[in-house]
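S.K.: Dropping a structure here in structure tokens format, bear with me for questions.
The values are calculated or read from the model by the stated rules, or taken from the named source; none is laboratory data. If you're wondering where the values come from, they're calculated on a predicted model, not measured in any experiment. Here the Cβ is made from the backbone with ideal geometry for all residues, glycine too, and neighbour counts use every protein chain on show. Protein only, heavy atoms only, side chains kept; ligands, DNA and RNA dropped before computing areas. Shrake-Rupley method; radii C 1.70, N 1.55, O 1.52, S 1.80 Å.
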Amino acid sequence: MMYEMQMTIKKLIAGNWKMNGTLADAKALAIALGAPSDKVEVCVCPPYVHLGTVAVTLDPSVKLGGQDCAQTANGAFTGDISAPMLKDLGCSYVILGHSERRQYHGEADKTVAHKASKAHEQGIITIICVGETEAERNAGIHNEIVMKQLSESIPATANAQNLVIAYEPVWAIGTGKTATLDDIRDMHAVIRHFLQEKLDNSNSIRILYGGSVKADNAKEILAVKDVDGALVGGASLKADQFLAIINAA
Ligand code: PEP
């Protein structure tokens with residue numbers, strides 16, 4: 001695989017609304033976001049049941065994403081939502097392999113890869129999440145854990161156009177703790193190197209940081225080398241906080 005020069009990529013700020021809010025809340029948040037800066041790509045990922053309403057409420061410059069999708073296109077899979085359904089509602093992104101899916105739904109890397117290939121078939125960009133637990137970091141095996149997640153969660157259908165990686169240390173999600181800037185830089189370098197070994201044009205693949213990104217720490221995190229954006233949970237539920245993060249990018 002050829003090594004490429006580092007080039008400038010438009011940063012991506014993605015908001016993961018998780019399982020929060022009524023339909024009225026979702027609509028109000030979509031309206032409050034307005035038309036954010038066009039220097040940054042912005043995406044919001046509401047709960048499935050709010051996607052249709054948010055899709056018609058958002059400013060057209062803001063992209064829509066799902067929080068997960070099924071491994072199959074249709075069929076007898078009660079409760080699941082497929083990639084074609086997300087596409088139908090206007091989603092251009094989907095988050096896959098979030099640590100909450102891995103932890104509470106037992107999602108394995110191979111499952112994430114199957115889901116991602118279904119999303120790629122629909123032309124949906126996958127935000128594949130990876131990250132170590134606190135115990136794994138304390139044991140000094142964080143790089144190996146993330147490399148394994150990357151090698152098994154990214155399907156053969158992935159390329160520089162349809163892949164985004166989110167590095168989210170599990171212990172930093174929703175806890176108010178963030179990784180140090182040095183730790184973020186080191187892990188993003190490991191991920192960049194992995195992508196360079198595997199995929200063409202890999203320097204244009206965005207690597208997001210996620211884990212308690214807030215208005216007051218976004219600027220310094222987003223300035224770290226190879227941090228090409230952020231996946232934001234809690235702070236994406238408040239328009240002023242989310243817009244401040246977008247403006248920090
Ligand atoms: C997330 O759930 O992806 C996340 C980063 O959450 P928070 O920003 O709340 O830590």
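S.K.: Among ALA119, ILE165, HIS98, whose Cα projects farthest towards the positive end of the dipole of the range 42-171, with charges put on the beta-carbon of Lys, Arg (+1) and Asp, Glu (-1)?
M.R.: It is ALA119, whose Cα lies furthest towards the positive end.
S.K.: Between the range 97-168 and the range 5-64, how far is it from one alpha carbon centroid to the other, in angstrom?
M.R.: The distance from the Cα centre of the range 97-168 to that of the range 5-64 comes to 22 Å.
S.K.: Over the alpha-carbon set of the chain, work out the extent along each principal axis and list the three values in angstrom, largest first.
M.R.: 44, 43, 35
S.K.: Taking a 1.4 Å probe, which of GLU134, GLU41 shows the most accessible area, and what order do the others take after it?
M.R.: Result, largest first: GLU134, GLU41.
S.K.: Between ALA223 and THR175, what length in nm is gained on full extension when 0.36 nm per residue of separation is reduced by their alpha carbon distance?
M.R.: Between ALA223 and THR175, full extension yields 15.1 nm more.
S.K.: Treating the Cα atoms of the range 88-210 as identical point scatterers in vacuum, please give the log10 of the normalised Debye intensity I(q)/I(0) at q = 0.18 Å⁻¹, two decimals.
M.R.: The Cα Debye sum returns log10 ratios of -0.93.
S.K.: Also, quick follow-up: Treat every Asp and Glu Cβ in the range 74-191 as -1 and every Lys and Arg Cβ as +1, leave all other atoms uncharged, and give the resulting dipole magnitude about the Cα centre to the nearest 20 debye.
M.R.: Around 260 debye, computed over the range 74-191.
S.K.: Turning to a different aspect of this structure: In whole Å, what are the extents of the range 1-142 along the principal axes defined by its C-alpha atoms, from largest to smallest?
M.R.: If we take the Cα atoms of the range 1-142, the spans are 45, 44, 32 Å.
S.K.: If you don't mind, there's one more thing I want to ask. Tell me the Rg and the Dmax, in Å, that the Cα atoms of the range 150-249 produce.
M.R.: Considering the range 150-249 through its Cα atoms, Rg and Dmax are 13.7, 39 Å.
S.K.: How much area per residue is accessible in the chain when the probe is 1.4 Å and only protein heavy atoms are counted (Å²)?
M.R.: Numbers: 11170 Å² over 249 residues.
Ligands and nucleic acids excluded, the result is 45 Å² per residue.
S.K.: Let me ask something else. Express in % the proportion of alpha carbon pairs of the range 173-215 at distances exceeding 15 Å.
M.R.: Every Cα pair in the range 173-215 considered, those over 15 Å come to 50 percent.
S.K.: Additional query: With all protein chains present, how much of the accessible area of the range 18-111 (probe radius 1.4 Å) comes from carbon and sulfur, to the nearest whole percent?
M.R.: In the range 18-111, the share of accessible area belonging to carbon and sulfur is 57 percent.
S.K.: Could you work out the longest stretch of the chain that avoids the chymotrypsin sites (Phe, Trp or Tyr not before Pro) located in DSSP loops with at most 15 other Cβ atoms within 10 Å?
M.R.: In short, 78-249.
S.K.: Turning to a different aspect of this structure: With the crude spin-label approximation of a point 7 Å out along Cα→Cβ, what separation in nm comes out for ASN247 versus ALA28?
M.R.: 2.1 nm
S.K.: So what is the relative contact order of the chain, in percent, for Cα pairs below 8 Å that sit 6 or more residues apart?
M.R.: 22 percent
S.K.: I've got another one for you. Calculate the spin-label point distance for LYS10 paired with ASN143, positioning each point 7 Å from the Cα along the beta-carbon direction, and give it in nanometres.
M.R.: With each label point 7 Å from Cα toward Cβ, the separation is 3.4 nm.
S.K.: Please give the charge dipole size of the chain, origin at the Cα centre, charges +1 on K and R Cβ atoms and -1 on D and E Cβ atoms. Round to the nearest 20 debye.
M.R.: Rounded to the nearest 20 debye, it is 360 debye.
S.K.: Just how large is the dipole of the range 1-94 about the Cα centre, in debye to the nearest 20, putting +1 at every Lys and Arg Cβ and -1 at every Asp and Glu Cβ? Intermediate values should be presented prior to the final figure.
M.R.: Details: 7 positive and 8 negative charges, 31 e Å.
For the range 1-94, the charge dipole is close to 140 debye.
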